[in-house]
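Participant: Structure below; questions to follow.
The values are calculated or read from the model by the stated rules, or taken from the named source; none is laboratory data. The shown structure was predicted, so the numbers you read here are calculated from the model rather than taken from an experiment. Quick reminder, even Gly has a Cβ in these numbers, built from the backbone with ideal geometry, and neighbours come from all protein chains shown. Ligands, DNA and RNA are stripped out before the accessible areas are found, and what is left, the full protein with its side chains, is counted by its heavy atoms. Shrake-Rupley method; radii C 1.70, N 1.55, O 1.52, S 1.80 Å.
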Amino acid sequence: EYGGNVYDKNIVYVTSSSCIAGYEPRNVVNFNDNEKIFRSDNEPNSWLKYDFKSRKVRPNYYSIKSCYYKKGSDHPKNWVIEGSNSDLSNDWTILDSRNNINSLDESNAVQMFSIQKASRFYRYLRIRQTGPNSDNRHNLEISALEYFGAIQ
């Protein structure tokens, strides 16, 4: 709808628990750019958060695109999708949980997932890594992350 990077257009704000220089959170909304990716530090429970600012979303599906690295690299394997309206540390609701997912362990693999608990609208959505990635480390590394659902 907005034709371009929604972070650059000040529509969605994207932050993370940490990031490695050059691999900023804003890169995940460049859906057609395979060269720019997000990568967190190697720390447990790394997360990537979308702030929809003046809007709220009720996600039904989400899509993850792995980075351009080869099989066995830091591709997502264990995570939860969480929603919040206050962004407080104790106010996150788990909407979807995935464990031992191997379908993203390829270069530029794209996988769509349905949200298991999609009943409310949220201002904030985040993906939080809950276990090691395909390389048995804790870097959260994603080329693109897109949510699908209703906007309020």
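Participant: Using beta carbons and a limit of 8 Å, which pairs, at least six apart or on different chains, have the first residue in the range 49-60 and of a type in the set (S, T, N, Q) and the second one open to solvent by 60 Å² or more (accessible area, probe 1.4 Å)?
Facilitator: Listed pairs, sorted by first residue: N60/F148.
Participant: Here are the criteria: (1) in a loop (DSSP other than H, G, I, E, B); (2) exposed (fewer than 15 other Cβ atoms within 10 Å of the Cβ). Tell me which single one M112 does not satisfy.
Facilitator: With respect to (1) in a loop (DSSP other than H, G, I, E, B); (2) exposed (fewer than 15 other Cβ atoms within 10 Å of the Cβ), M112 is out only on (1).
Participant: Moving on to the next point. Suppose the filter is in contact with a Cys (Cβ under 7 Å, 6 or more places away or on another chain) and aliphatic (A, V, I, L, M); does I20 pass it?
Facilitator: Here the answer is no, as I20 does not meet what is asked.
Participant: Counting just the residues of the range 78-101 that are under 16 Å from the mean Cα position of the chain (by Cα) and over 18 Å from S16 (Cβ atoms), which one comes out surrounded by the fewest Cβ atoms within 10 Å (Cβ to Cβ)?
Facilitator: Top of the filtered list is N99.
Participant: Select, from L145, L104, the only residue that is aliphatic (A, V, I, L, M), open to solvent by less than 60 Å² (accessible area, probe 1.4 Å), assigned to a loop (DSSP other than H, G, I, E, B) and at pLDDT 95 or above.
Facilitator: From the options L145, L104, the qualifying one is L104.
Participant: Can I ask one more? Farther than 26 Å from K9 by Cβ, open to solvent by less than 70 Å² (accessible area, probe 1.4 Å) and either of a type in the set (K, R) or out of contact with any helix residue (DSSP H, G or I) (no Cβ under 8 Å at 6 or more places or on another chain) (or both), is that true of S119?
Facilitator: The answer is no for S119.
Participant: Please go through the range 22-34 and give me each residue that is within 21 Å of N45 (Cβ to Cβ) and assigned to a loop (DSSP other than H, G, I, E, B), ordered by number.
Facilitator: Y23, E24
To keep it simple, each residue is scored yes or no on (1) modelled with pLDDT of 95 or more; (2) in contact with a helix residue (DSSP H, G or I) (Cβ under 8 Å, 6 or more places away or on another chain).
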| site | (1), (2) |
| --- | --- |
| Y2 | no, no |
| T15 | yes, yes |
| D41 | yes, no |
| S89 | no, no |
| D96 | yes, no |
| N100 | yes, no |
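Participant: Follow-up question, since we're still on this one. State all residues of the range 10-21 that are assigned to a loop (DSSP other than H, G, I, E, B) and open to solvent by less than 50 Å² (accessible area, probe 1.4 Å); if no residue qualifies, say none.
Facilitator: I11, V12, S17, S18, listed by residue number.
Participant: Can you name every residue in the range 35-46 that is touching a strand residue (DSSP E or B) at 6+ places or on another chain (Cβ under 8 Å) and either free of Cβ contacts under 8 Å to residues at least 40 places away in the same chain or open to solvent by less than 60 Å² (accessible area, probe 1.4 Å) (or both)?
Facilitator: I37, F38, R39, S40, S46
Participant: Whether any residue in the range 64-74 is under 14 Å from the mean Cα position of the chain (by Cα), of a type in the set (F, W, Y) and either more than 20 Å from N5 (Cα to Cα) or assigned to a strand (DSSP E or B) (or both) is what I want to check.
Facilitator: no
Participant: Go through the residues of the range 122-137 one by one and say whether even a single one is at pLDDT below 95 and either within 20 Å of I20 (Cβ to Cβ) or open to solvent by less than 60 Å² (accessible area, probe 1.4 Å) (or both).
Facilitator: There is no residue in the range 122-137 that is at pLDDT below 95 and either within 20 Å of I20 (Cβ to Cβ) or open to solvent by less than 60 Å² (accessible area, probe 1.4 Å) (or both).
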